[in-house]
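**Student:** Dropping a structure here in structure tokens format, bear with me for questions.
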Amino acid sequence: MTQPGGMAAGSEHGDEHLGDPGRANRQTPEQYLPDGGVEPPAAFDVADVHPELADEAVVAEIVAPDRDIRAEVGEPLLQMQGVTMRFGGLTALDAVTFDIRRGEILGLIGPNGAGKTTCFNAMTGVYRPTEGQVVFDGKPLGKIKRNEITRLGIARTFQNIRLFSDMTALENVVVGTDARHRTSVPGAVFRSKRHRAEERDALDRAMALLEFVGVGKRATQQARNLPYGDQRRLEIARALATEPKLLCLDEPAAGFNPAEKVELMELIRKIRDDGYTVLLIEHDMRLVMGVTDRVVVLEFGRKIADGLPRDVSADPAVIAAYLGVPDDATA
Ligand SMILES: Nc1ncnc2c1ncn2[C@@H]1O[C@H](COP(=O)(O)OP(=O)(O)OP(=O)(O)O)[C@@H](O)[C@H]1O
Ligand SMILES: [Mg+2]
């Protein structure tokens, strides 16, 4: 039996894995594993196994089946309402208020320690705000548990990659689809018809998601053996597997070279075009400005700007806090 291994990398502030390893273990459908133990081929053509996945339109349809019924673009999907987060004497977020609108890519930027990851943690139920509240899809998150928040439609990736490193790429994504499964425990134990159908759907969707993010050829490889960039993409596929309305990406291009960054931004745009709303933390200012519809800037836990990328990048407070002094000011 495949044992989920440790995370591929460290963790930040109290975040946890999507699904605990024990649960993932139980849910790993062994019957579709290649052959357990034998090193998988370096790459295979997905279309050999799933001919229909050679068609991009089919992939897109499987990835976001309900994108047409998503509510009005532009309406607030998530609202941070005066969210304050204190850790002892440290105020990591100070009365932060902003909206994420449906269908947009919102950039969240700010210097190291500004509170960006803490925002994610407050939105995904890792932390309860000390003051204020997070409203998602019209519903205050209050004391709602993390797995319930996932079900409501918020998914995230982590600043430090977290994958089940001993599981295959495909299994890692199936773990994500699991968050959607509705069969009861007895249903799973007795392998009810519905449970089997869900397993099949989960596999099909997981495979389509791997194709979608560009790592379909790695499906049967252990996550730990994937090149770093593919691991980052795999994390995104796993987050998308929960069928989120809002996808939160915490520095997904960290450690990428410029060409890889551009490719990743193209993927993020594709995700948005497919009907998702995206919240993107990214340090590379040029990238953020190129891909986002709006930008929120944090500094020392406070929101110091919120607006269109071109306005934010010209804002003197932002320049002082984050962008550094522009070249022409020093000439
Ligand atoms: N669980 C915690 N306990 C104590 N302090 C914390 C905790 N989580 C975050 N902090 C502190 O809150 C502040 C904001 O941290 P956060 O990780 O949100 O910043 P960030 O904007 O994501 O920074 P980076 O760009 O380095 O990732 C930092 O000073 C951090 O040390
Ligand atoms: Mg961070």
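The values are calculated or read from the model by the stated rules, or taken from the named source; none is laboratory data. This structure is a prediction, so every number in the text was calculated from the model and none was measured. Note that we place each Cβ from the backbone using ideal geometry, even for glycine, and neighbour counts take in every protein chain shown.
**Student:** If you scan region 235-271, which residues turn out to be assigned to a loop (DSSP other than H, G, I, E, B), more than 16 Å from ligand 1 (Cβ to nearest atom) and in contact (Cβ under 8 Å) with a residue 60 or more places away in the chain?
**Tutor:** Ala241, Thr242, Glu243, Pro244, Lys245
**Student:** From the list Arg86, Arg101, pick out the single residue that is over 22 Å from Asp293 (Cβ atoms) and among the basic types (Lys, Arg).
**Tutor:** When all the criteria are applied, what remains is Arg86.
**Student:** OK, next. Out of the helices (runs of 4 or more DSSP H) lying entirely within region 104-183, which hold 2 or more residues that are within 16 Å of ligand 1 (Cβ to nearest atom)?
**Tutor:** Here the list reads 116-123.
**Student:** Taking region 131-141 only, how many residues are exposed (fewer than 15 other Cβ atoms within 10 Å of the Cβ) and either basic (Lys, Arg) or closer than 22 Å to Leu90 by Cα (or both)?
**Tutor:** Looking only at that region, the number is 2.
**Student:** Going by the conditions given, is Glu148 in contact with a Ser or Thr (Cβ under 6 Å, 6 or more places away or on another chain) and surrounded by fewer than 24 Cβ atoms within 10 Å (Cβ to Cβ)? Talk me through it step by step, then tell me what you get.
**Tutor:** Working: in contact with a Ser or Thr (Cβ under 6 Å, 6 or more places away or on another chain): no; surrounded by fewer than 24 Cβ atoms within 10 Å (Cβ to Cβ): yes.
No; evaluated as a whole, the condition is false for this residue.
**Student:** Which pairs have Cβ atoms under 6 Å, sit 6 or more apart or on different chains, and link a residue in region 72-91 that is at positive phi to one that is more than 16 Å from ligand 2 (Cβ to nearest atom)?
**Tutor:** If the second residue must be more than 16 Å from ligand 2 (Cβ to nearest atom), the pairs left are Gly74/Arg101; Gly82/Ala95; Gly82/Thr97; Gly82/Gly132.
**Student:** Given the conditions (1) at pLDDT 95 or above; (2) under 30 Å from Ala305 (Cα atoms); (3) more than 16 Å from ligand 2 (Cβ to nearest atom), report the number of the one that Thr118 does not fulfil.
**Tutor:** The one condition Thr118 does not meet is (3).
**Student:** Let me ask something else. Counting only residues that are under 17 Å from Leu246 (Cβ atoms) and either within 13 Å of ligand 2 (Cβ to nearest atom) or in contact with an Asp or Glu (Cβ under 9 Å, 6 or more places away or on another chain) (or both), how many does region 100-115 have?
**Tutor:** Here the count works out to 8.
**Student:** Follow-up. Which of the numbered conditions does Phe136 fail, given that it passes all the others? Conditions: (1) more than 14 Å from ligand 2 (Cβ to nearest atom); (2) over 20 Å from Tyr276 (Cα atoms).
**Tutor:** Of (1) more than 14 Å from ligand 2 (Cβ to nearest atom); (2) over 20 Å from Tyr276 (Cα atoms), only one is false for Phe136: (2).
**Student:** Taking the residues in region 219-233 that are within 24 Å of Met285 (Cα to Cα) and away from ligand 1 (no atom under 16 Å from the Cβ) as candidates, determine which candidate is nearest to the chain's Cα centre (by Cα).
**Tutor:** Residue satisfying both the conditions and the ranking: Arg233.
**Student:** Another question about this same structure. Counting just the residues of region 282-331 that are surrounded by 20 or more Cβ atoms within 10 Å (Cβ to Cβ) and assigned to a helix (DSSP H, G or I), which one comes out modelled with the lowest pLDDT?
**Tutor:** This residue is Tyr322.
**Student:** Within region 184-224, how many residues turn out to be modelled with pLDDT of 85 or more and in a helix (DSSP H, G or I)?
**Tutor:** Of the residues in region 184-224, 16 are modelled with pLDDT of 85 or more and in a helix (DSSP H, G or I).
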